[in-house]
Structures are given as C-alpha cells and as structure tokens.
1. Got at least one residue in the stretch 318-339 being β-branched (Val, Ile, Thr), in contact with a Lys or Arg (Cβ under 6 Å, 6 or more places away or on another chain) and surrounded by 23 or more Cβ atoms within 10 Å (Cβ to Cβ)?
2. If I filter the stretch 33-48 for residues that are surrounded by fewer than 22 Cβ atoms within 10 Å (Cβ to Cβ), among the hydroxyl-bearing types (Ser, Thr, Tyr), over 18 Å from the mean Cα position of the chain (by Cα) and under 25 Å from ILE216 (Cβ atoms), do I get at least one hit?
3. Which condition number in (1) surrounded by 21 or more Cβ atoms within 10 Å (Cβ to Cβ); (2) assigned to a loop (DSSP other than H, G, I, E, B); (3) not aromatic (Phe, Trp, Tyr) is the one that GLY171 fails?
4. Please state which one of VAL183, VAL89 is modelled with pLDDT of 95 or more and over 28 Å from VAL26 (Cα atoms).
5. Tell me, yes or no, whether the stretch 82-96 has at least one residue that is loosely packed, with under 15 Cβ neighbours inside 10 Å, within 22 Å of the chain's Cα centre (by Cα), within 26 Å of PRO184 (Cα to Cα) and in contact (Cβ under 8 Å) with a residue 12 or more places away in the chain.
6. Taking only pairs six or more apart or across chains, which ones have beta-carbon atoms under 8 Å, a first residue in the stretch 226-251 that is among the polar types (S, T, N, Q), and a second residue that is surrounded by fewer than 17 Cβ atoms within 10 Å (Cβ to Cβ)?
7. Would you confirm, using the coordinates I've provided, whether ILE129 is out of contact with any Ser or Thr (no Cβ under 6 Å at 6 or more places or on another chain), modelled with pLDDT under 90 and assigned to a strand (DSSP E or B)?
8. Any residue at all in the stretch 150-168 that is within 20 Å of the chain's Cα centre (by Cα) and either buried (at least 19 other Cβ atoms within 10 Å of the Cβ) or in the same structural domain as ILE50 (by TED's automatic domain parsing) (or both)?
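The values are calculated or read from the model by the stated rules, or taken from the named source; none is laboratory data. All of these numbers come straight from a predicted model, not from anything done at the bench. Using ideal geometry, Cβ is built from the backbone for each residue, glycine included, and neighbour counts are taken over all protein chains shown.
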Amino acid sequence: MKAVILVGGEGTRLRPLTCNTPKPMVPIVNRPFLEHMIDYLRKYDIDDIILSMCYLPDRIQSYFGDGSSFGVKLTYVVENTPLGTAGAVKNVERYLDDTCFVLNGDVMTDLDLTAMLAFHREHRSKVTISLAPVEDPTAYGVVETNSEGHVKRFIEKPSWDAVTTNLINAGTYVLEPDVLKYVPPNLYYMFEHGLFPVLLQVGDPLYGFATNDYWIDIGTPEKYITVHHDILMGKIQKPFPGQCVHDGIWIGRGAQVDPTVKMTGPVVIGEESVIGPGVRITGPLVMGNQCQIGHDTVIEDAVLWHNVRVGHHVTMKRCVVASNCLLEDSTWLTNGAIIGDDVTIRTGNRLEHGIRIWANRILEPNTITF
C-alpha cells in the first residue's frame, strides 16, 4: 500500500528553526521528524512512500536518497508553487492506483492505521479523516459526524454556544484516488475548504475515524518542545539513540561527560558531545551530536540541535537552540527562547519571554539584558 506525505510547507510558524531547514527535517530526539514518520509507516508495512515537496526539497532528498537505507521506496515530486493539501495530492495522482494513506508532514501520531483502513473499507468511504478530541473546540475547525461516523458538516472555530462536537481533523487520511477528479490541476486547493465540501455536496461518502490516539502538530515552537516532553516521558513510544547508562539517561557513542556532572533524567546526550565539570543537566532534555558544554553551566528542559557550543556559567531553561550556534560565557536563555541555526550570542545577553533570534545572526555583548 502507498502513502503520500505532504512535506511542502515552509514551516513559517516554526521559524526561526525552519529558516534553513525544512520542517520535516527538524530533529526530534536527534533524528529528522520525517524519519520518525517513515518508521511509523513501516510498522504497518507501508513501504512505498511519495513525498510531495516544495520548500528546500534538496535537503530532504540528499538525506533519504531512494529510501532503501530506511527500508522503503521513496518517490519525490516537487511543486513549482505551493498547491495546498488537495492540490499536492492531485500533483502526484499519476502514482496512485488504489486506496492510499495521506499524511500531513508535521503530525506525530500513534494512530492505528490498520484499524482506520478497516473502518474506511467497512463504510465504503471515499475519504476517511482521522479525528481527535480537543479541550477547546472554539480554537479549531471541528468536524461534525453522525453516530456512524458519516461527516455531516465542517464548522470553522465555532462559538461555545454553537459547539456540537469537540472532534477536529488530526491530519491523517485514507483516500480513494478517484476523488481527485474534483480537484483542479496545478492550482492551490485544500482538503478542508475545497475537496471535502465538494464531496458532501455531491453525496460521495466521507467519514471521520475518531480515536483518542496520540497526535500533535509540531508546527510551533511550543508544540515542538511539547513533543520532546511527550517522547521523553513515554507518552508516545519512540526509540532513543545512544546507550541507557542510568534510569532515564541515554548517552551517545563517543560522548564525554565529566564525572562531576549532575544529570536528572529523562536526558538524551548525542554522539561525541563533551560536557565539562560542574554542569547540571535536568530533563526532559535532548542534546544533539558534537555539542560542547563549558563548566558550571545549567541546562534544564531544553532542546539543543547538533554542534552547539556553550560557554561557562551559562543558564539555559526551556529553550531551543538550533545547530552550529555559539553561546558565550554568562549568557541566559530561558522561558521559551528560540535560537535559529548559525547564531552567535556573545557574553552577557539574557534572552527570555519567548524571544526568537533568526538564523545567521551575531548578538554583540550585553545587547539584550531585560
């Protein structure tokens, strides 16, 4: 069976982490997000995967190649201009000859695809949408169904007095290729506001498959941090790289940790990273490969990408630092600070309150002190 993964978006909500990195390639516990998705599909024997790409496609293709190293066959299709969700699937129509899965390329989930496919076939649906409950349906477009799961209508961000359901589109679909006849070629066209309303209008069966399975859209810095928490805390099961040396602590090959370092898990330390004396590390925390941490630094609830160099007496709490950054001595990154790749933060800067520093910048000493 085939799957289409929609990986064409620019990831603007996740910037500055996506300034130079396509969203599917941002690391989740030191592996590209898309690699997690491919592993997930393989678990269900889905190994023929079509990637619909637009933004920085070469970064994806150079990493995955033909897919054989990851146990799958990959087909790459690049959009010249963004085509939207339905338009992107229309653009790969020539590769689709039977029922297929379509997945948004920014959703981490443990949805049971076997059960969803069985539901789709049992109801002879043309498209089946994965649905998930949310606490506040007024912040989303909700999907109203009858008791059988047949979709009745879509309601965009209803007021509380108009709420009839708390189920929203969770970004995974089972699709019969013949519905693509309703999608205009080479035009921006969405599932939610284009194809699905047309299916309701013409009476083709459209169903929702509601579950309480884990899912999260990683498309904002806050949710990017949350998905790391969820994986490290076991809310969704994913393998950790490295060797478990103690309860909740994984150390990568070639990493050097000074014996005076104090670590409280869950913590994942990447390969060939070096952590100096007197450092205190508190999880949930992920550190990438080839990072260097100076003495007497405190790092807590953070995600560091690869080759991050951190000076002495630095404080980092609930922050994300992308690859190839330098944080000089006595700097602070706390309270949701997000740092793009190839950034230098010189001594004395104090970055807090969700501040975002774009890629390829140099922040001179004591520029931001709040």
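1. Of the stretch 318-339, the ones β-branched (Val, Ile, Thr) are 320-321, 331, 334, 338-339.
In the following step, the residues that additionally are in contact with a Lys or Arg (Cβ under 6 Å, 6 or more places away or on another chain) were identified as 334, 338.
Now drop any that are not surrounded by 23 or more Cβ atoms within 10 Å (Cβ to Cβ), which leaves 338.
Yes, the conditions are met somewhere in the stretch 318-339.
2. yes
3. Every listed condition holds for GLY171 apart from (2).
4. Values: VAL89 fails: over 28 Å from VAL26 (Cα atoms).
Within the list VAL183, VAL89, the selection yields VAL183.
5. The answer is yes, given that some residue of the stretch 82-96 is loosely packed, with under 15 Cβ neighbours inside 10 Å, within 22 Å of the chain's Cα centre (by Cα), within 26 Å of PRO184 (Cα to Cα) and in contact (Cβ under 8 Å) with a residue 12 or more places away in the chain.
6. GLN237/ASP110; GLN243/ARG253
7. Working: out of contact with any Ser or Thr (no Cβ under 6 Å at 6 or more places or on another chain): yes; modelled with pLDDT under 90: no; assigned to a strand (DSSP E or B): yes.
So ILE129 fails the test.
8. In the first step, residues of the stretch 150-168 are kept if they are within 20 Å of the chain's Cα centre (by Cα); the result is 168.
Keeping just the survivors that are either buried (at least 19 other Cβ atoms within 10 Å of the Cβ) or in the same structural domain as ILE50 (by TED's automatic domain parsing) (or both) gives 168.
Yes, because at least one residue in the stretch 150-168 is within 20 Å of the chain's Cα centre (by Cα) and either buried (at least 19 other Cβ atoms within 10 Å of the Cβ) or in the same structural domain as ILE50 (by TED's automatic domain parsing) (or both).
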